[in-house]
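The values are calculated or read from the model by the stated rules, or taken from the named source; none is laboratory data. No experiment lies behind these values; they were computed from the predicted model shown. Cβ sites come from the backbone with ideal geometry, for glycine too, and all protein chains shown count toward neighbours. Only protein heavy atoms, including side chains, enter the accessible area calculation; ligands, DNA and RNA are left aside. Shrake-Rupley method; radii C 1.70, N 1.55, O 1.52, S 1.80 Å.
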Amino acid sequence: MEKLSCPFVPNFLLGMAGGIQYLKLKSVSRNPRKASEQTLRAILTYAKDTEYGREHGFADILEAKTDTELYARYQQAVKPNDYEDLRPYVEKHKHGAESILFPGKPVMYATTSGTTSEPKWIPITKEYLNNVYGKMTKVWLFNFIKNRPKVYAGKIVSIVGKVKEGEAPDGTFFGSVSGVTQRDCPKFVKKLYASPASVFSIEDYTARYYTLMRMGIERNVTLIVTANPSTIVEMQNNVNEFYDDYCNDIEHGTLNASLNIPQWIRDDIQPYLKPNPERANELRALKAKYGTVLPKHYWRDLQILNTWKCGNTKVYLDKFDGSFPEGMLHQEFGYFSSECRFGLVLDDTNNTVLFPHFHYYEFIAEEDLDKLSTGDAGVSPAECPDAKEHPHFLQLHELQKGKRYCPYVTTMAGLYRYNMNDLVEVGDFFEQTPTVHMIQKVNGIVTITGEKLHERQFIAAVREAEQRTGLKTQFFIGFANLEKSNYDFMYEFAEPTTTQEQAEAFTRVVDEVLKEMNIEYKAKRDSFRLKDPDTKRMVPQSFEQFKARCIAEGARDGQFKLQLLMQDENRHNKFLDLVVK
């Protein structure tokens with residue numbers, strides 16, 4: 001491969017477009033208190049004449065004379081929300097109504113898993129798309145240059161979702177915001193992608209990974225972007241399995257005819273495929289030399305790998321430790337979800353720089369999370385009948401470095417005091433504004449590789465499996481196993497003679513029901529990032545034995561609580577002691 005040089009065109013153009021927005025971000029970050037007030041006033045003014053704005057008195061809130069009064073009025077008028085609180089309003093938008101949560105209608109929806117069997121439909125407005133996914137994406141692309149000036153000297157492998165997956169009843173499409181962001185990126189950047197967007201419409205994940213890597217491995221890739229590091233693991237697994245097939249395809253300019261790829265996608269990809277025997281021979285020589293060929297061998301000039309590194313995703317980093325070039329920057333993707341692009345990581349830390357000019361942020365300190373009442377958390381009284389004192393909501397400028405908080409966000413896309421259900425930790429400050437990084441999900445949600453599986457869904461899936469199989473459980477519990485990238489489902493069956501084979505069949509039903517209920521769980525299972533769940537049978541009186549052990553170790557009987565889906569290695573090990581040998 002030729003020696004890399006700094007590419008003038010992308011560096012100059014992104015330096016101009018991204019540099020301007022970067023300076024604006026620095027400016028507003030010097031006074032987060034002022035930025036928070038201005039942003040909340042802008043959002044309330046934008047939405048005051050909508051159905052939601054009128055119901056919650058946005059116009060009256062805006063009459064506040066000070067920022068303190070503004071926040072107090074807002075908290076009094078608008079209770080903290082989760083998605084189920086907003087779903088009725090979103091449904092009206094989906095069926096064509098305008099000016100419900102925001103003026104007009106959304107330009108698209110992003111879909112993600114919810115706490116019930118119905119997915120969340122996250123509305124994306126033109127304003128949100130243009131600002132948070134437009135202007136700030138230019139900052140993101142420009143920032144790559146600041147960290148590695150040669151990052152655009154080669155090709156880009158970017159793993160995104162399908163732009164359009166379907167339509168709402170009124171015809172508004174739903175799909176991947178990451179796909180739309182890539183679709184709408186500057187043309188000079190789009191030319192750098194190693195494969196066309198049609199690749200992401202390949203439904204068969206083996207075929208999709210194969211196509212991505214067959215096209216990527218042929219080229220000198222200098223930037224890889226994929227939020228989930230488990231995708232990197234599966235891409236390399238595909239390399240290990242099909243390396244010789246890649247070489248044959250690259251030599252002849254073909255794409256494996258046996259793969260399940262629609263003809264229209266093959267036609268779209270064909271212009272990218274030319275016979276390249278020289279590269280095929282290089283790749284064959286690498287295998288002869290190293291045996292197992294890794295990214296540091298076939299992408300020697302790689303400048304930046306951009307993935308999540310925080311929270312549960314850390315477990316995947318060990319799986320490809322030492323696989324990439326030594327001089328490469330592995331940069332944190334940032335605190336990001338379908339609901340909200342919270343900010344960007346701009347350096348080699350894991351800290352996300354927030355957007356105080358586009359989002360209004362509130363936070364509950366970790367130690368106050370147990371004060372959440374039914375209304376605060378968006379949980380129905382039937383599920384949580386014991387109301388508690390209200391927690392204190394903190395403003396952005398009140399956060400302290402090293403402390404942990406649960407964030408709530410208000411946006412120009414119809415989210416108002418929206419509970420992110422995450423625990424984040426404050427890092428260093430960007431100018432005068434705190435940065436954050438992800439620690440874990442909270443409130444009964446577990447995620448190994450982005451599936452966001454809720455305890456309610458697991459309980460419902462077990463109950464449905466009982467109906468379908470005729471097997472009854474006395475007790476059951478599930479644990480996330482990060483090392484194995486799967487779940488450990490454990491049951492105490494009412495009939496002690498239930499065999500391991502029957503139990504495993506029961507788990508297969510639970511697994512299928514979870515796929516039906518949770519679109520993210522299905523996607524991660526179908527793409528092999530989430531492995532088959534394991535099945536354990538527990539001894540009789542398993543819960544009672546576990547509780548007795550905990551009390552003997554100092555737990556208070558009257559305060560003993562147990563979630564049925566957890567990521568908790570200590571409790572997991574205690575239940576493993578109760579497994580039928």
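Which one of Lys388, Lys401 is at pLDDT 95 or above, more than 25 Å from Ala42 (Cβ to Cβ) and either touching a helix residue (DSSP H, G or I) at 6+ places or on another chain (Cβ under 6 Å) or not in a strand (DSSP E or B) (or both)?
Values: Lys388 fails: at pLDDT 95 or above.
The match here is Lys401.
For the structure I just gave you, tell me whether Arg266 is on the phi < 0 side of the Ramachandran plot, in a helix (DSSP H, G or I) and modelled with pLDDT of 95 or more.
yes
Considering only the stretch 52-94, state which residues are open to solvent by less than 40 Å² (accessible area, probe 1.4 Å), in a helix (DSSP H, G or I), at pLDDT 95 or above and not aliphatic (A, V, I, L, M).
Correct list: Tyr52, Gly53, Phe58, Asp67, Tyr71, Tyr74, Arg87, Tyr89, His93, Lys94.
Are there any pairs, at least 6 apart or on different chains, whose C-beta atoms fall under 9 Å, with the first in the stretch 38-61 and acidic (Asp, Glu) and the second surrounded by 19 or more Cβ atoms within 10 Å (Cβ to Cβ), and if so, which?
Pairs found: Asp49/Phe58; Glu51/Tyr89; Glu51/Ile100; Glu51/Leu101.
Please name all residue pairs, on different chains or six or more residues apart, with Cβ atoms under 6 Å, provided the first residue is in the stretch 467-488 and is in contact (Cβ under 8 Å) with a residue 24 or more places away in the chain and farther than 19 Å from Glu512 by Cα and the second residue is aliphatic (A, V, I, L, M) and loosely packed, with under 14 Cβ neighbours inside 10 Å.
Gln474/Ala494
How many residues does the stretch 292-316 contain that are open to solvent by less than 40 Å² (accessible area, probe 1.4 Å), modelled with pLDDT under 90 and in a helix (DSSP H, G or I)?
Within the stretch 292-316, residues that are open to solvent by less than 40 Å² (accessible area, probe 1.4 Å), modelled with pLDDT under 90 and in a helix (DSSP H, G or I) number 5.
Taking Arg456, is it free of Cβ contacts under 8 Å to residues at least 40 places away in the same chain, open to solvent by 10 Å² or more (accessible area, probe 1.4 Å) and more than 27 Å from Ile43 (Cα to Cα)?
Answer is no for this residue.
Residues of the stretch 156-173 being crowded, with 20+ Cβ neighbours inside 10 Å and either at pLDDT 95 or above or polar (S, T, N, Q) (or both), which ones?
Answer for the stretch 156-173, where residues must be crowded, with 20+ Cβ neighbours inside 10 Å and either at pLDDT 95 or above or polar (S, T, N, Q) (or both): Ile156, Val157, Ser158, Ala168.
Residue by residue through the stretch 104-148, note down the ones that are among the aromatic types (Phe, Trp, Tyr), open to solvent by less than 20 Å² (accessible area, probe 1.4 Å) and part of a strand (DSSP E or B). Show your work before the answer.
From the stretch 104-148, those among the aromatic types (Phe, Trp, Tyr) are 109, 121, 128, 133, 140, 142, 144; that's our starting set.
If we keep only those that are open to solvent by less than 20 Å² (accessible area, probe 1.4 Å) as well, we get 109, 128, 133, 144.
Scanning the stretch 104-148 gives a single hit, Tyr109.
Do you know which of the residues in the stretch 28-56 that are touching a strand residue (DSSP E or B) at 6+ places or on another chain (Cβ under 9 Å) and β-branched (Val, Ile, Thr) is farthest from Pro103 (Cα to Cα)?
Only one residue fits best here, namely Val28.
Quick check on the stretch 331-338. Is at least one of its residues surrounded by fewer than 23 Cβ atoms within 10 Å (Cβ to Cβ), free of Cβ contacts under 8 Å to residues at least 40 places away in the same chain, under 20 Å from the mean Cα position of the chain (by Cα) and part of a strand (DSSP E or B)?
no
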